[in-house]
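Asker: After the structure tokens below, expect a handful of questions from me.
The values are calculated or read from the model by the stated rules, or taken from the named source; none is laboratory data. Computed from a prediction, not measured in an experiment: that's the story for all the values here. A quick note on method: Cβ atoms are made from the backbone with ideal geometry, for glycine too, and the neighbour counts reach across all protein chains shown. We work out accessible area using only protein heavy atoms, side chains counted, and drop any ligands, DNA or RNA first. Shrake-Rupley method; radii C 1.70, N 1.55, O 1.52, S 1.80 Å.
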Amino acid sequence: MKSLAGVRIADFTLHAAGPFCTHILSQLGAECIKVESSARPDIFRKPHPVYGRMGPASFDQVASNKLSVRINLKDTKGIALAKKLVGVSDLVCESFRPGVMERLGLGYAALAALKPSVVMVSVSSSGQSGPDSHFAGYAPLFGAWGALGYLTGYEDGPPVEMRHVMDHSVGMNAAMAAVAAVYRLRRTGRGGHVDVSAREVACSLVGEALLFAAAGGSPARIGNDHLRMAPHGVFRTREEDRWLTIAVRTDDEWRTLVKLIDAPHLLTDPRFQAAASRHKHRQALHGEIEHWTMTREAGEAERRLQAAGIAAHVSCNMEDIANDRHLRDRGTVVEVQDSTGRQRAALKAPIRFSKSDVGMARGTPRLGEDEDYVFGELLGLSREERQSLMDQQVIY
């Protein structure tokens, strides 16, 4: 049995951050019913050439394991149908701009009047309140607003704005908040409105840089460097575009590394005697390390360094992840059916329980694929009623 078995979600999220939240919850056992329409499908469902195929790869990434129904939210009868769905759900998740759900008649106040125990999770760029709540946003902007972009990149280069990592970080935070709200619901019977701001998620990740700035410092971009450790970075190897990450934490590890790469002269070089001096002269030091890494295949160098107790690993590409023996053995990389009916590799939620399961039982749903179950079994609509709503383009 999965941890959230018995929890049902009416999923009005779109794009990536909100859908990743409900994707995680569905893998924890929640029944997630994604609401779209033919007129306004999730923009990520649109097929486009990417990753060597013509298909909605971005949608497959966050829609596996969900059920799909069509509801035209521009029609008053569609809103009534959506409210029926909410009536049999525990959670409502949405990621529209603040105010959109209210204008549709599906805001928290309206849904709580219909079902006081309902929990609504709203994911937006800057939150449901405040002077910037109307701002539109997408992943690179989240990192920019939260200062993560400013802290990322090389010292002599511009900020580097991040994409998928921000959407997924927001989704994970929203999923955690949703689980907390469901726990409260189970204990007290009380629902509530959960407000998750992507901007604030990004701010929560700046960590020690904010403390440094508050103390009067000026945090700077440091590329692949570390504030104290050296050598620390990504090194070229004998293979084209195959990189090796190495991080040396202690003097003992430093001496072990020097012995392994057979470079005893580094131990007598005054620039590399102490950790602080190694850090000061890290560019010259990195050049010395690359004299060795450039003569090795990345995998072979990784194995030798790991065996010696030094933190090192190949900088993995996507092919590495898809075929990773460790991840396959743990069931992190699994095979699911995509929207074209073909098997593809997918990443399972990064969570393990000793006494319950996590993961995907099905692939990406076709638009409206689960209407017999949702509209027929859950909401009790007859085939005639459903056909009438389809004729009126309410189910559309």
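Asker: Charges only on Cβ, +1 for Lys and Arg, -1 for Asp and Glu: so what's the dipole of the range 1-113 about the Cα centre, in debye to the nearest 20?
Answerer: Value, rounded to 20: 280 debye.
Asker: Compute the signed sum of charges (Lys and Arg +1, Asp and Glu -1) over the other residues within less than 11 Å, Cβ to Cβ, of M229.
Answerer: Taking every other residue near M229 into account, the sum is +2.
Asker: Which value, in debye to the nearest 20, gives the size of the charge dipole of the range 267-396 about its Cα centre, when Lys and Arg are +1 and Asp and Glu are -1 at the Cβ?
Answerer: That gives a dipole near 920 debye.
Asker: On the protein heavy atoms, probe 1.4 angstrom, tell me the percent of accessible surface of the chain carried by carbon and sulfur.
Answerer: On the chain, the fraction of accessible area on carbon and sulfur atoms equals 54 percent.
Asker: Over all directions, how big on average is the projection of the convex hull of the alpha-carbon atoms in the chain, in square nanometres?
Answerer: 23.5 nm²
Asker: Measuring from centroid to centroid over Cα atoms, what is the spacing of the range 132-171 and the range 56-106 in Å?
Answerer: Spelled out, the Cα-based centre of one part sits 27 Å from the other.
Asker: Just check the range 232-315 against the gyration tensor rule for me: Cα atoms, a ≥ b ≥ c as the square roots of the eigenvalues, rounded for a/c under 1.5, and otherwise prolate or oblate depending on whether a/b exceeds b/c.
Answerer: Verdict is prolate for the range 232-315.
Asker: May I pose another question? Put +1 on the Cβ of every Lys and Arg and -1 on every Asp and Glu Cβ in the chain; which of S133, L67, S277 then has its Cα farthest towards the positive end of the dipole?
Answerer: Checking the options against the dipole of the chain, the answer is L67.
Asker: With no solvent and one equal point scatterer per Cα, compute the Debye intensity ratio I(q)/I(0) for the range 158-217 at 0.13, 0.18, 0.28 Å⁻¹ and report its log10, rounded to two decimals.
Answerer: These q points yield log10 I(q)/I(0) values of -0.51, -0.77, -1.11.
Asker: Follow-up. So with the 1.4 Å probe, I'd like the accessible area per residue for the range 176-240, rounded to whole Å².
Answerer: Accessible area per residue, the range 176-240: 60 Å².
Asker: Just grab the label-to-label distance for S388 and A109, each label 7 Å out from Cα along the Cβ direction, in nm (one decimal).
Answerer: With each label placed 7 Å out from Cα toward Cβ, I get 3.3 nm.
Asker: Among L25, L104, L91, which one shows the biggest mean-square fluctuation in a GNM of the chain, springs joining Cα atoms closer than 10 Å?
Answerer: Evaluated over the chain, the most mobile residue of the options is L104.
Asker: Further question on the same structure: Any chance you could get the radius of gyration and Dmax over the Cα atoms of the range 119-227, in Å?
Answerer: 16.4, 55
Asker: Another question, if that's okay. About its Cα centre, what dipole magnitude does the chain give when the only charges are +1 on Lys and Arg Cβ and -1 on Asp and Glu Cβ, stated in debye to the nearest 20?
Answerer: With Lys and Arg at +1 and Asp and Glu at -1, about 800 debye.
Asker: Among the listed pairs K46/K77; K34/K84; K66/K355; K83/K115; K46/K66, give every one whose C-alpha distance is greater than 19 Å.
Answerer: K46/K77; K66/K355
Asker: Taking +1 at the Cβ of each Lys and Arg and -1 at the Cβ of each Asp and Glu, which of L347, V206, N173 sits farthest along the dipole of the chain towards its positive end, judged by Cα position relative to the Cα centre?
Answerer: Highest projection toward the positive end goes to N173.
Asker: A follow-up question, please. Can you sort M172, M229 by 1.4 Å-probe accessible area, starting with the largest?
Answerer: Highest to lowest solvent-accessible surface, that is M172, M229.
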